[in-house]
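Report on the structure given below.
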Amino acid sequence: MASLSLTVIKSRPNKDGSFGIKIQITTTDRAAWIPTRFKIDNIKQWKDGRVVKHPDADYMNRKLRGLLIAYEDILDEMPNPNVPATEVKAYLESHFHKSDSLKDYAEAYIVRLNKENRASYAQNMGYTLKYLLECFGESMSLQQFTPSALTLFEKHLRKGGSSDTTINIRMSHLKALLNAAVNDGTVEYKVFPFRNYKIPTKAVRDICISKEELRKLREAEFKGISERRHTVARDLFMLSFYCAGINLTDLMDARLDGDTITFVRKKTATKKQGEKEVSITIQPEARVIIDKYLTEDGKLDFGYNYSQYEQFRSFVTKGLNKIGEELGFEKKLMYYSARKTFVQFGTNLGIPLYILEYAIGQTIKDKNNRPIHDYFKVMRPQADMAIRTIISYSMDMDEEETPIPEWARKYITKS
């Protein structure tokens with residue numbers, strides 16, 4: 001099987017002393033190269049497959065990475081990649097084309113998302129593409145997107161009855177799509193279309209549950225034909241809460257046969273800068289649930305033969321919705337309520353926001369406006385203490401709903 005990489009051939013400088021950057025095709029016997037339009041001034045500007053110490057290093061690396069991805073996508077579709085490197089090169093060059101079509105690029109982007117195991121996001125991006133094609137037609141190109149086009153798309157969505165929340169989602173998808181196209185080198189904008197466009201603010205859903213409702217859920221006993229479904233849905237909800245509101249897709253992929261759970265949150269993996277991995281200790285309450293469903297390979301198995309994640313997510317969602325109705329909850333119960341409730345309880349206790357952000361694997365918002373983050377690093381023991389405190393608080397039914405944090409007590413004088 002051929003592999004692709006970016007390279008510079010040190011023994012072949014250009015006449016002016018510069019070096020061209022190439023796509024290297026490596027097979028079991030030999031290699032071949034596809035030239036790119038990029039070059040470096042001297043060999044010191046190339047290190048570990050990246051441009052360094054060059055005025056346009058960031059731009060060049062972004063474009064080269066996009067070019068490499070484009071060729072890798074073509075290679076993935078090659079009927080028989082087990083051929084000499086020269087034949088692979090010929091196939092790649094004959095199938096490579098730079099499409100500026102919105103439809104073509106979006107469909108390829110969705111395929112890429114699925115390959116990255118981001119099936120839920122890929123599905124939602126597909127829905128957004130459907131509305132884009134309704135508004136602009138299949139002949140729309142990426143280059144045609146302007147602030148005016150964004151306004152037209154927003155009007156189209158509003159005419160169809162979309163709320164601010166839905167418009168926020170669709171516009172966020174479009175912005176991500178255009179950003180990807182720019183990073184891939186598929187399109188260039190003198191002014192990025194979203195620079196002066198304000199995406200409508202989505203309504204924040206109040207889906208937290210109270211300590212009393214959490215107790216009811218934790219202690220509920222289910223009977224009848226829904227016993228199994230309700231038990232699995234409830235156990236997953238509680239497991240998410242005990243693991244700092246972990247998303248279902250991250251939970252299903254995690255190894256849980258050790259003392260800790262370590263994961264990279266799929267939802268923010270491509271957005272989060274710096275350290276992406278989250279590692280927390282598995283609390284005793286979580287271990288009890290995990291051991292009910294743990295397999296020999298360290299993963300969870302709930303006894304349902306669903307071939308796709310979305311099917312299982314729908315199963316859990318419907319189960320929790322029904323449980324909330326049966327237990328008389330004030331708000332609609334959903335899996336995401338576990339995450340929201342965990343954070344709300346942490347806020348009630350005065351746990352610092354940056355520790356909560358680490359524990360839940362959240363991208364720190366407005367980090368540039370919070371320079372304090374340059375002075376410290378959140379570590380697992382801090383997150384573990386926060387999780388333990390929140391779990392204990394959730395089980396203490398006698399304590400006031402919003403207690404004074406311990407660190408603040410000495411600064412407050414009660415009358």
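Determine whether Lys10 is touching a strand residue (DSSP E or B) at 6+ places or on another chain (Cβ under 8 Å) and charged (D, E, K, R). Spelling it out, Lys10 is indeed touching a strand residue (DSSP E or B) at 6+ places or on another chain (Cβ under 8 Å) and charged (D, E, K, R). Restricting the first member to the range 28-45 and to residues that are under 27 Å from Leu92 (Cα atoms), and the second to residues that are aromatic (Phe, Trp, Tyr) and assigned to a helix (DSSP H, G or I), the beta-carbon pairs closer than 8 Å and six or more apart or on different chains are Ile34/Tyr71.
Taking the criterion of being small (Gly, Ala, Ser), at pLDDT below 90 and closer than 30 Å to Gly319 by Cβ, would at least one residue in the range 200-220 satisfy it? Yes - at least one qualifying residue is present in the range 200-220. A single entry from Arg234, Arg228, Arg158 fulfils the requirement of being within 23 Å of Asn124 (Cα to Cα), more than 17 Å from the chain's Cα centre (by Cα), surrounded by 13 or more Cβ atoms within 10 Å (Cβ to Cβ) and charged (D, E, K, R): Arg158.
I'm checking my understanding of the structure. Among residues of the range 120-135 that are farther than 12 Å from Leu174 by Cα and under 14 Å from the mean Cα position of the chain (by Cα), which one is surrounded by the most Cβ atoms within 10 Å (Cβ to Cβ)? Filtering first and then ranking leaves Tyr121.
Mind listing whichever residues of the range 28-41 are touching a strand residue (DSSP E or B) at 6+ places or on another chain (Cβ under 9 Å) and not in a strand (DSSP E or B)? Passing the criteria: only Asp41. Taken together, the residues in the range 191-206 that are surrounded by fewer than 16 Cβ atoms within 10 Å (Cβ to Cβ) and either of a type outside the set (Phe, Trp, Tyr) or not in a loop (DSSP other than H, G, I, E, B) (or both) amount to 10. When we screen Ala70, Ala90, Ala32, Ala2 for residues that are within 27 Å of the chain's Cα centre (by Cα) and either within 29 Å of Lys115 (Cα to Cα) or not β-branched (Val, Ile, Thr) (or both), the only hit is Ala70.
Against the test of being hydrophobic (A, V, I, L, M, F, W, C) and in contact with a Cys (Cβ under 7 Å, 6 or more places away or on another chain), the options Phe136, Phe153, Phe194 yield a single qualifying residue, Phe153. Just one of the listed residues (Asp73, Asp104) is within 16 Å of Asn183 (Cα to Cα), out of contact with any strand residue (DSSP E or B) (no Cβ under 9 Å at 6 or more places or on another chain) and surrounded by fewer than 18 Cβ atoms within 10 Å (Cβ to Cβ), namely Asp73. Within the range 42-52, the residues that satisfy the criterion of being surrounded by fewer than 17 Cβ atoms within 10 Å (Cβ to Cβ) and in a helix (DSSP H, G or I) are Ile43, Lys44.
Can we say Val51 is β-branched (Val, Ile, Thr) and under 20 Å from Glu188 (Cβ atoms)? For Val51, the condition - β-branched (Val, Ile, Thr) and under 20 Å from Glu188 (Cβ atoms) - is met.
Residue check: is Ala85 in contact with a Ser or Thr (Cβ under 6 Å, 6 or more places away or on another chain), surrounded by 15 or more Cβ atoms within 10 Å (Cβ to Cβ) and among the hydrophobic types (A, V, I, L, M, F, W, C)?
Yes.
How about the range 14-27: which of its residues are in contact (Cβ under 8 Å) with a residue 12 or more places away in the chain and in a loop (DSSP other than H, G, I, E, B)? It would help to see each step written out before you state the result.
Step one: list which residues in the range 14-27 are in contact (Cβ under 8 Å) with a residue 12 or more places away in the chain, which gives 14, 17-27.
Within the range 14-27, Asn14, Gly17, Ser18, Thr27 meet the criteria.
Among the residues examined, Pro55 qualifies as under 25 Å from Ala180 (Cα atoms), out of contact with any Lys or Arg (no Cβ under 7 Å at 6 or more places or on another chain) and assigned to a loop (DSSP other than H, G, I, E, B).
The values are calculated or read from the model by the stated rules, or taken from the named source; none is laboratory data. Everything numeric here is computed off the predicted structure, so don't read it as measured data. Every residue, glycine among them, receives a Cβ derived from its backbone with ideal geometry; neighbour counts consider all protein chains shown.
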